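Below: one structure, written as structure tokens.
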Ligand SMILES: Nc1ncnc2c1ncn2[C@@H]1O[C@H](COP(=O)(O)OP(=O)(O)OP(=O)(O)O)[C@@H](O)[C@H]1O
Ligand SMILES: [Mg+2]
């Protein structure tokens, strides 16, 4: 976690707007994420949280505003370009490769780190084989870390939901990202699974120094694990600050209780 | 020997990643390959080699090719016949222009031509998917067959547009042309399909196979881990068409002896697709099983009534054959999309637990 010393932000989202037809999904939203921080993005359903993550990961492009990563303008990159910068993410509705084993799913997280020619790989000799073993060893460390040894060879599509979320996190971690974006990593989990997931997220942040931005509905969880909280409502950022401050903020209370909306 | 993996502890990741991690499997496969090389050439009748085994091996190669594209990379193609035609006509042009070049080299270079054409027709796959992509590849199929039919240069201005395999040798043994014996042609086909099946297996269990399957299973998730869709799909089209091209060249040179474009019409595209579906999408072994099934069922249907002392008219027999294929394809698409290969796997899992099923 950060001690509050000002540093150059890792991610700067400056006044971006996204429109779907008549709907303004995001209106001039800004967000800064400092290296090493855990930032939570919260807000009611349809507030634009996922849209914000989709912009950062290159799926949507804002019609105005800028996105900067590690000091350089990154507004118009495609998702694979974003991946190459060192940004990984998980999806709200779990997007695993269902026909592949858990191990292969996590190995895909290493794809960007793998090089080679298809001729050598077809022969499975020399560098091709060596590289496969090196990455397998790395992936095994993640498997141990997330305690999913027992399901390595299971087909991803056959896992219960909670484990699928964990495997998706493993796949994102396999890429050794600088910035990890998690879209509702605990949705649909029971209390015990949520506790495990919280522990994993904090461990990732502390042991690997990975910067994390996550979307979460459970306020208890948010208050526990985040350094900072940004609140979206109807595509507008209505608050941004330390968890305690945000919790007291009248605008946030209104948004959650739904009182003053016209 | 009991089929069991107990006691076989894998101490390295290399052992765990091996194609056949269980020792019994390795023994069985080695024996099967040895038997395939020795038994049919020595003991098989001319009929079995020529009418059953040689086409089975060639279709298996084409089915592996299509399986890489459709089963692994998830891109449906009906252009198989067209890509096979490219291989066949390229082989014919090359070997008639350069008779001294070894025929195996000619097959491989023909495969490269097919790969190039496949790449070209794979470009639309960036924008269109599923059914629409199938229609686009169908256009490739019709265009290519039309082209070879129309442009007499491809068949060296033969009056009927027919290409005929000239006599060629490998290590002094005649393997193509009218003089080539069935065992010689069989051994060439078998060698090629074994090597290419191994290469395909290596591709699909590594980096490339994972990026294909990632695109197939969830393209948005694939992109965010850095898989570039166009590059990945094109590689699948290229490699798949290479396999189909080599198979097409073999079809004329090792099996038919001479052929017109009719040999590569849409029927063969569907036939290979059926093999892949029945055998198992996303399985190399399944490609062999599917090819064997489609080659053997008609033979079975021809002979079974005889054995039972019935006489069934040929027309009816053809219809029964189509009904069986159609029914099975529906069955596999709906109930078991992983085909015969999956049934085989289930059988093996049962065997692993035998004799204690619970
Ligand atoms: N591709 C799209 N096309 C049209 N409308 C969209 C699209 N994506 C999102 N929206 C709309 O934009 C708004 C914001 O959606 P978004 O998914 O970002 O909300 P969210 O804050 O993630 O909500 P939730 O908590 O339900 O996940 C919603 O009204 C949604 O219907
Ligand atoms: Mg959302």
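The values are calculated or read from the model by the stated rules, or taken from the named source; none is laboratory data. Predicted, not measured: the structure shown is a model, and the values here were computed from it. A quick note on method: Cβ atoms are made from the backbone with ideal geometry, for glycine too, and the neighbour counts reach across all protein chains shown.
With respect to being surrounded by fewer than 24 Cβ atoms within 10 Å (Cβ to Cβ) and within 13 Å of another protein chain (Cβ to nearest Cβ), residue B:257 falls outside the description.
Condition check ((1) within 14 Å of another protein chain (Cβ to nearest Cβ); (2) part of a helix (DSSP H, G or I); (3) in contact with a helix residue (DSSP H, G or I) (Cβ under 8 Å, 6 or more places away or on another chain)) across all residues:
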| position | (1), (2), (3) |
| --- | --- |
| B:24 | no, yes, no |
| B:28 | no, yes, no |
| B:66 | no, yes, yes |
| B:70 | yes, yes, yes |
| B:81 | no, yes, yes |
| B:89 | no, yes, yes |
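Please give the number of the condition residue A:160 fails out of (1) modelled with pLDDT under 95; (2) in contact with a strand residue (DSSP E or B) (Cβ under 9 Å, 6 or more places away or on another chain). Here residue A:160 clears every test but (2). Please verify whether residue A:240 is in a helix (DSSP H, G or I) and away from ligand 1 (no atom under 13 Å from the Cβ), treating the condition exactly as stated. No, not satisfied. Between a residue in segment A:49-60 that is within 12 Å of residue A:29 (Cβ to Cβ) and any residue that is in a loop (DSSP other than H, G, I, E, B) and within 13 Å of ligand 2 (Cβ to nearest atom), which pairs come within a Cβ distance under 7 Å, given they are 6 or more apart or on different chains? From segment A:49-60, the pairs are A:49/A:43; A:51/A:60.
For segment A:105-121, indicate whether the set of residues that are within 7 Å of another protein chain (Cβ to nearest Cβ), surrounded by fewer than 21 Cβ atoms within 10 Å (Cβ to Cβ), closer than 30 Å to residue B:112 by Cβ and more than 23 Å from the chain's Cα centre (by Cα) is non-empty. Looking for residues that are within 7 Å of another protein chain (Cβ to nearest Cβ), surrounded by fewer than 21 Cβ atoms within 10 Å (Cβ to Cβ), closer than 30 Å to residue B:112 by Cβ and more than 23 Å from the chain's Cα centre (by Cα), one finds at least one in segment A:105-121, hence yes.
Listed conditions (1) in contact (Cβ under 8 Å) with a residue 40 or more places away in the chain; (2) at the interface with another protein chain (Cβ under 10 Å from one of its Cβ atoms); (3) surrounded by fewer than 22 Cβ atoms within 10 Å (Cβ to Cβ) are all met by residue B:213, apart from (3).
Hey, can you tell me all the residues within segment A:185-198 that are buried (at least 21 other Cβ atoms within 10 Å of the Cβ) and either more than 16 Å from ligand 1 (Cβ to nearest atom) or on the phi > 0 side of the Ramachandran plot (or both)? Once the filter is applied, which keeps residues that are buried (at least 21 other Cβ atoms within 10 Å of the Cβ) and either more than 16 Å from ligand 1 (Cβ to nearest atom) or on the phi > 0 side of the Ramachandran plot (or both), segment A:185-198 yields only A:197. If you go through segment A:47-60 one residue at a time, do you hit one that is part of a loop (DSSP other than H, G, I, E, B), crowded, with 22+ Cβ neighbours inside 10 Å and away from ligand 2 (no atom under 16 Å from the Cβ)? Yes, there is a match, as at least one residue in segment A:47-60 is part of a loop (DSSP other than H, G, I, E, B), crowded, with 22+ Cβ neighbours inside 10 Å and away from ligand 2 (no atom under 16 Å from the Cβ).
Do we have residue A:65 as assigned to a strand (DSSP E or B), more than 28 Å from residue B:231 (Cβ to Cβ) and more than 16 Å from ligand 2 (Cβ to nearest atom) here? For residue A:65, the condition - assigned to a strand (DSSP E or B), more than 28 Å from residue B:231 (Cβ to Cβ) and more than 16 Å from ligand 2 (Cβ to nearest atom) - is met. Would you check if residue A:76 is modelled with pLDDT under 95, more than 13 Å from ligand 2 (Cβ to nearest atom) and either touching a strand residue (DSSP E or B) at 6+ places or on another chain (Cβ under 6 Å) or assigned to a loop (DSSP other than H, G, I, E, B) (or both)? Answer is yes for this residue. Would you confirm whether or not segment A:185-194 contains a residue that is touching a residue at least 60 places away in the same chain (Cβ under 8 Å) and either more than 9 Å from chain B (Cβ to nearest Cβ) or in a helix (DSSP H, G or I) (or both)? Yes; the residues of segment A:185-194 include at least one that is touching a residue at least 60 places away in the same chain (Cβ under 8 Å) and either more than 9 Å from chain B (Cβ to nearest Cβ) or in a helix (DSSP H, G or I) (or both). In segment A:80-89 there is at least one residue matching the filter, namely being more than 9 Å from every other protein chain (Cβ to nearest Cβ) and at positive phi.
Of the helices (runs of 4 or more DSSP H) lying entirely inside segment B:245-358, those containing at least 1 residues that are within 22 Å of residue B:114 (Cβ to Cβ) are B:266-279, B:284-307.
Residues in segment A:86-139 that are within 16 Å of ligand 1 (Cβ to nearest atom) and part of a loop (DSSP other than H, G, I, E, B): 6 in all. Give segment A:35-55 a look and list any residue that's away from chain B (no Cβ under 14 Å) and within 6 Å of ligand 1 (Cβ to nearest atom), or say none. If the condition is that a residue be away from chain B (no Cβ under 14 Å) and within 6 Å of ligand 1 (Cβ to nearest atom), then A:43, A:45, A:46, A:47, A:48, A:49, A:51 are the ones that fit.
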